[in-house]
1. Please give me the summed charge of the neighbours of VAL230: other residues whose Cβ is under 11 Å from its Cβ, Lys and Arg +1, Asp and Glu -1.
2. With a 1.4 Å probe and every protein chain left in place, tell me how much accessible area THR238 has, in Å² to the nearest 10.
3. Rank PRO83, PRO305, PRO340 by mean-square fluctuation in a GNM of the chain with C-alpha springs under 10 angstrom and give only the top-ranked residue.
4. Considering only DSSP beta bridges where both residues belong to the chain, give the percentage that are antiparallel (nearest 5).
5. Place a label point 7 angstrom from the Cα of ARG142 along the Cα-to-Cβ direction, then list the residues of segment 81-103 whose backbone nitrogen is under 13 Å away.
6. Can you tell me the length gained on complete extension of the stretch ASP378 to THR358, counting 0.36 nm per residue apart and subtracting the Cα distance?
7. Which entries in the list LYS181/LYS387; LYS158/LYS181; LYS79/LYS181; LYS127/LYS267; LYS7/LYS158; LYS79/LYS158 go over 26 Å, if you measure between the two C-alpha atoms of each?
8. Take the Cβ-Cβ distance between HIS66 and ARG30 as r, set R0 to 51 Å, and report the resulting FRET efficiency rounded to the nearest 0.05.
Amino acid sequence: MKGMSQKPIWIQNISQLVTLASDKKGPRVREEMRELAIIEGGSVWIENGLIQDLGTTREMILKYIHRAEEADIVDATGKIVTPGLIDPHTHVVFGGSREHEFEMRLEGASYMDIMNAGGGIHATTRKMRTLSEEHIFNQTARRLDLFLQHGVTTLESKSGYGLDLENELKQLRVMRKLHEKHPMDIVPTFMGAHAVPEEYRENPDKYVHLVIEEMIPAVVKEDLAKFIDVFCEVEVFTPEQSEQVLLAGKEYGLIPKIHADEIEENKGAYVAAKVGAISAEHLLKVSDEGIEELAKSGVIACLLPATALYLGEKPARARDIIDAGVPVAISTDCNPGSSPTISLPLVMNLACITMKMTPAESLCAATYNAACALQIEDRVGSIEVGKQADIVLWDVHNHQKLHYIFGVNHVKTVWKKGVKVVG
């Protein structure tokens with residue numbers, strides 16, 4: 001399933017070829033997030049799984065008419081093409097579901113109320129510990145199929161539903177197997193510090209010690225993760241504990257990420273800046289000073305508007321964060337409790353409606369900046385010669401309409417490394 005197509009693909013007559021190409025390196029900030037590098041009446045030539053050429057259809061016909069008979073020709077009249085979407089923050093590998101918590105929340109229970117009563121992360125952890133790798137693999141593969149159908153071609157996946165050595169490794173091994181077997185590219189993050197497990201509730205420092213001394217070395221020994229993450233939150237992990245975990249992971253070569261300032265302001269943004277995290281995620285309660293720290297340190301803000309909506313919280317202050325010069329990515333936060341969705345296009349719409357991002361900023365945040373948050377922008381996130389042919393054909397005639405009509409899946413066709421996987 002990871003193989004490359006041998007026959008060239010020639011997409012022609014694209015209403016808008018939204019390339020997001022740029023000479024700038026690294027994540028885009030402020031007005032750069034609105035520069036989509038659109039080619040009207042565009043065309044793309046794909047070969048050997050890579051983007052070989054692009055331009056206007058008129059230009060491309062002059063260059064490739066002699067090879068037309070050997071290519072699969074796609075007429076994209078009245079449609080747009082974008083890079084494959086990238087979801088930079090998910091907890092997609094899990095077993096079971098928690099729909100009963102949805103009703104509890106509607107009746108007034110808070111996120112922390114549910115978690116402290118043994119629900120939330122703890123409920124999924126208990127389930128995860130009983131399930132086989134095969135069961136988790138099969139359940140997650142079905143979710144990944146749905147992600148592909150909604151235009152996502154790469155996603156990050158966090159562990160954190162094992163909360164002991166055996167089951168954290170189990171979860172990460174499932175991710176590796178899915179990356180190998182499923183068309184989706186999966187970027188793994190070790191998040192053993194997702195919660196203090198129930199058996200360590202009276203001694204959280206002992207659990208932090210376990211994460212640092214046993215879990216991190218074991219994860220690195222099997223080469224199971226690229227990033228390390230921690231839930232820096234009141235009643236979960238303190239800023240000091242979070243810093244210890246992230247710095248320990250960094251010593252082993254893992255790149256820090258952090259769940260920061262989600263339920264309460266807890267200095268998570270400061271920790272992100274201090275340890276040199278690639279991204280700080282959630283940020284619903286981040287302070288003005290925290291935003292300044294992120295801007296000074298170049299940390300990417302990964303914002304999750306579906307989570308805020310589902311929890312009934314005010315969304316992150318995207319406008320203040322962007323205006324301060326912090327690069328922004330957006331994500332589904334797919335998980336069984338606080339954001340059980342696989343629709344990144346819906347999240348892109350919510351970014352506009354609830355966080356007042358523009359359609360261009362939202363698209364940049366779900367493609368190029370999302371790739372930067374995973375340090376894979378050299379091969380995905382924009383449509384440029386030499387990059388992977390991870391491409392989505394949408395049944396709308398301009399990129400604004402993609403955000404304007406919400407709750408509808410506009411995906412027509414998805415190619416992953418030049419192989420059609422949807423459509």
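1. -2
2. Using a 1.4 Å probe on the heavy atoms, I get roughly 60 Å².
3. In this elastic network of the chain, the residue with the biggest mean-square fluctuation among PRO83, PRO305, PRO340 is PRO340.
4. If I count the DSSP bridges inside the chain, around 45 percent turn out antiparallel.
5. Correct set: 94-97.
6. Taking 0.36 nm per residue and subtracting the Cα distance, the gain is 4.7 nm.
7. LYS79/LYS181; LYS127/LYS267; LYS7/LYS158; LYS79/LYS158
8. Once rounded, the FRET efficiency stands at 0.70.
The values are calculated or read from the model by the stated rules, or taken from the named source; none is laboratory data. Computed from a prediction, not measured in an experiment: that's the story for all the values here. Quick reminder, even Gly has a Cβ in these numbers, built from the backbone with ideal geometry, and neighbours come from all protein chains shown. Accessible surface is based on the protein model in full, side chains and every heavy atom, while ligands, DNA and RNA are left aside. Shrake-Rupley method; radii C 1.70, N 1.55, O 1.52, S 1.80 Å.
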